[in-house]
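Written out below as structure tokens is the structure these notes cover.
The values are calculated or read from the model by the stated rules, or taken from the named source; none is laboratory data. Computed from a predicted model, the values in this text were never measured in an experiment. For neighbour counting, all protein chains shown are included, and Cβ atoms are generated from backbone atoms with ideal geometry for every residue, glycine included.
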């Protein structure tokens, strides 16, 4: 796994063998905030791999401290998928598995993990 992070403002990302991880520090209740934030990171700072074809699995985990923020997870997922489209994959229609989760954590952040699925055996259960 490549432990080298690329960072620009509140967003950092890294990639390894078959995955890309993006972390956004801090939370807001406005999901529309994340699309331009992440998009600008990729446009200005990202020098990693180019988008690929095939099917992908995307895990989005929103960690909060204290009371959970009032945010619709479906809107958050849409904003994030729109932002990483063209960098992780060509089109969000390539996402065959999507997990969006809100949970208590030690710090407020959103972690997005994108994995290419086409290497797994047909019919085999997804393994994390």
Just one listed residue, out of 37, 27, is farther than 15 Å from residue 87 by Cβ and buried (at least 17 other Cβ atoms within 10 Å of the Cβ), and it is 27
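So, residue 58, is that one closer than 21 Å to residue 96 by Cα and under 11 Å from the mean Cα position of the chain (by Cα) or not?
Yes, satisfied.
Yes/no per residue for (1) modelled with pLDDT of 95 or more; (2) under 22 Å from residue 5 (Cα atoms):
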residue	(1), (2)
22	yes, yes
28	no, no
38	yes, yes
51	no, yes
86	no, yes
106	no, yes
117	no, no
120	no, no
125	no, no
How many residues of the stretch 1-24 are within 17 Å of residue 86 (Cβ to Cβ) and within 13 Å of the chain's Cα centre (by Cα)? The answer is 5
Residues of the stretch 70-91 being over 12 Å from the mean Cα position of the chain (by Cα) and either free of Cβ contacts under 8 Å to residues at least 40 places away in the same chain or surrounded by 13 or more Cβ atoms within 10 Å (Cβ to Cβ) (or both), in sequence order, are 71, 73, 74, 75, 86, 90, 91
